[in-house]
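Visitor: After the structure tokens below, expect a handful of questions from me.
The values are calculated or read from the model by the stated rules, or taken from the named source; none is laboratory data. Not measured: the values here are computed from a predicted model. Cβ atoms come from the backbone with ideal geometry, glycine included; neighbour counts cover every protein chain shown.
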């Protein structure tokens, strides 16, 4: 009798009890929830990294285009500098007082911007939305894609203007953002092309140029700060702290152009700050180009 009872118990214990099944199901659901949460976090991190990468690529493309415009000769090829220690083609840094190019120009405009605050070391953070830089560009044109063209005219010579849109293009999470434009105009040559005759007309102020190309969107600030010798020197300090961009500063009087240089501009600092609406963060790019 006892032997038959043991055999029966063995047969009855081949499955799981209801309690064991419930515990196993609960543990399975817990593990799946943990894995699902980790997977979601991994996807979010991957998406954020992609957003950061896309933002960096866009800034890099804008930097390359801006640097190319600034590093390309701006004046007539026949205007040769033979003074001092910089023989060769005339550069912006060769201009001072009554010396100016026969044809071509570079022009920087804009106010002092605004000081957003200072860090713990008293170094300023600034922003600007009204700075612009315009210039004539002389391309080497060794290949067809290097020429300026508007469909009707093809030339080595052109005018370029970098500026923010006149008004915010969006308000994202309470942050007003602008579009950074690059306006381009084809020129037959640079004879008599000056900042006085052309610099104020280029871009949205010039009826012959209806639109420009949007290089970047969601831009918060576009600052153009030269450094120079002579006249009122760049400020090392601002009200409330030090100039974080020294020896670069806003142009004295709000305008510098190569028609009436007055000071010797040797380089320019351009800062672009862009807003990433996905991550609700900003990223800033700075380039310095010798002139």
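Visitor: Residues that are closer than 29 Å to residue 174 by Cα, within 16 Å of the chain's Cα centre (by Cα) and touching a residue at least 12 places away in the same chain (Cβ under 8 Å): find the strands (runs of 3 or more DSSP E) completely inside the stretch 236-291 holding 2 or more of those.
Guide: Qualifying strands (runs of 3 or more DSSP E): 264-276, 281-290.
Visitor: Counting only residues that are closer than 30 Å to residue 132 by Cα and at pLDDT below 85, which one in the stretch 24-72 is farthest from the chain's Cα centre (by Cα)?
Guide: Among those residues, the one meeting the criterion is 51.
Visitor: Could you grab the pairs with beta carbons closer than 9 Å, sequence gap of 6+ or different chains, first residue in the stretch 64-86 and at positive phi, second one modelled with pLDDT under 80 and buried (at least 17 other Cβ atoms within 10 Å of the Cβ)?
Guide: Qualifying pairs under 9 Å: 84/94.
Visitor: Hey, another quick one. Give me the strands (runs of 3 or more DSSP E) completely within the stretch 117-164, filtered to those with at least 2 residues that are modelled with pLDDT of 85 or more, ordered by residue number.
Guide: The strands (runs of 3 or more DSSP E) meeting that bar are 132-138, 157-164.
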